[in-house]
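J.: Take a look at this one; I'll ask things after.
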Amino acid sequence: MNELYLARDANEGTARLRRAAPFVAIGTASIVAGGLIAGATARHPTEHEAWAVAFLVLVCGIAQIALGLGQSLLATTVPAKRTIVAELVAFNAGCALVLVGTVAERLLVTDAGGALLALALVLLFRAVGSASIRASWAVNLYHALIAIVLVSIPIGLVLAHLRVS
Ligand code: HEM
């Protein structure tokens, strides 16, 4: 079994975790926002509110934290700052457009959000190549999570179109 990645030195370990920090921070804030919306709408949640809570917790929260940490710990080299910025902007602008577009029933906005999310997932996929010397089970798990979220984008968009039309 490939040896799990051990930070070559503390500096590199710190640099890697620093690259993961914005994903963890925004992801955690999304989970808290989901919880607050669930609490505030608990008495009579609409379908969109219930969906928005699930989307905030699962995609904007858990998936973002797992992919941000995964990329930082599994990438062969510490990801460049501009790559991280591009991923964060595409992922979170994508999430925001999907949320606003779905709740406001503006399909073009939802579709644009789905496209931006797909772009973020392609960037995150490329950051950890399958040739990585890291533990292959961890790299496979990381790629599988990206595939699950990527596949759920067109499914969600079709559901939104079926709902509105
Ligand atoms: C792990 C990931 C995901 C899971 C488990 C999931 C699950 C679901 C489920 C169960 C529904 C149907 C909800 C209902 O009947 O009201 C749904 C709807 C939807 N999903 Fe996802 N989804 C995931 C990821 C995504 C992603 C990445 C997108 C981004 C485009 C997305 C966009 C949507 C949209 C737009 C709807 C329709 C909401 C509505 O019109 O009310 N989902 N999703």
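The values are calculated or read from the model by the stated rules, or taken from the named source; none is laboratory data. Everything numeric in this text was worked out from a predicted model, so none of it was measured. Because the Cβ atoms are built from the backbone with ideal geometry, glycine has one as well, and the counts that use them run over all protein chains shown. All accessible areas refer to the heavy atoms of the entire protein, side chains included, with ligands and DNA or RNA removed. Shrake-Rupley method; radii C 1.70, N 1.55, O 1.52, S 1.80 Å.
J.: Spin-label point model (7 Å from Cα, Cβ direction): what's the Val32 to Ser165 distance in nm?
T.: Computed distance between label sites Val32 and Ser165 equals 4.1 nm.
J.: Still on this model: Using the Cα centre as the reference, give the magnitude of the dipole from point charges on the C-beta atoms of the stretch 1-129 (Lys, Arg: +1; Asp, Glu: -1; all else neutral), rounded to the nearest 20 debye.
T.: 360 debye
J.: May I ask for the angle, rounded to the nearest 10°, between helix 136-164 and the longest principal axis of the chain, with both axes built from Cα atoms and the value confined to 0 to 90°?
T.: 20 degrees
J.: Work out how much length Val151 to Glu49 would gain on full extension: take 0.36 nm times their residue separation and subtract the Cα-Cα distance, in nm to one decimal. Intermediate results must be reported in sequence, preceding the final value.
T.: Details: separation 102, 0.36 × 102 = 36.72 nm, distance 2.26 nm.
Between Val151 and Glu49, full extension yields an extra 34.5 nm.
J.: Which of the peptides 22-28, 156-162 is most tightly packed, and how do the rest follow, going by the mean number of other Cβ atoms within 10 Å of each residue?
T.: Highest-to-lowest ranking by the protection proxy: 22-28, 156-162.
J.: Now, a different point. Before rounding to the nearest 500, sum -39500 (n - 2.57) across all DSSP H runs of length at least 4 in the chain and divide by the residue total; then give [θ] at 222 nm in deg cm²/dmol.
T.: Value at 222 nm, helices only: -26000 deg cm²/dmol.
J.: In nanometres, what is the gap between the two model label sites at Leu58 and Trp137, each 7 Å from Cα along Cα-to-Cβ?
T.: With each label point 7 Å from Cα toward Cβ, the separation is 2.6 nm.
J.: Further question on the same structure: Hey, what's the stretch 2-164 come to in accessible area per residue, 1.4 Å probe, Å²?
T.: 54 Å²
J.: Expressed as an acute angle from 0 to 90° and rounded to the nearest 10, what is the orientation of the C-alpha long axis of helix 81-103 relative to the principal long axis of the chain?
T.: Around 20 degrees separate the two axes.
J.: Set Lys and Arg Cβ to +1 and Asp and Glu Cβ to -1, take the dipole of the chain about its Cα centre, and tell me which of Val164, Thr41, Gly114 lies farthest positive.
T.: The residue sitting farthest along the positive end of the dipole is Gly114.
J.: Classify the chain as rounded, prolate or oblate, taking a ≥ b ≥ c as the square roots of the eigenvalues of its Cα gyration tensor: rounded when a/c is under 1.5, otherwise prolate if a/b is larger than b/c and oblate if not.
T.: Taking the square roots of the gyration eigenvalues as a ≥ b ≥ c, the chain is prolate.
J.: Do you know the relative contact order of the chain, to the nearest whole percent, from alpha carbon pairs under 8 angstrom that are 6+ apart?
T.: Averaging sequence separation for qualifying contacts and normalising by length gives 25 percent for the chain.
J.: Quick one: pull the percent of accessible area on the chain belonging to carbon and sulfur, 1.4 Å probe, ligands and nucleic acids left out.
T.: Heavy-atom surface of the chain belonging to carbon and sulfur, 1.4 Å probe: 71 percent.
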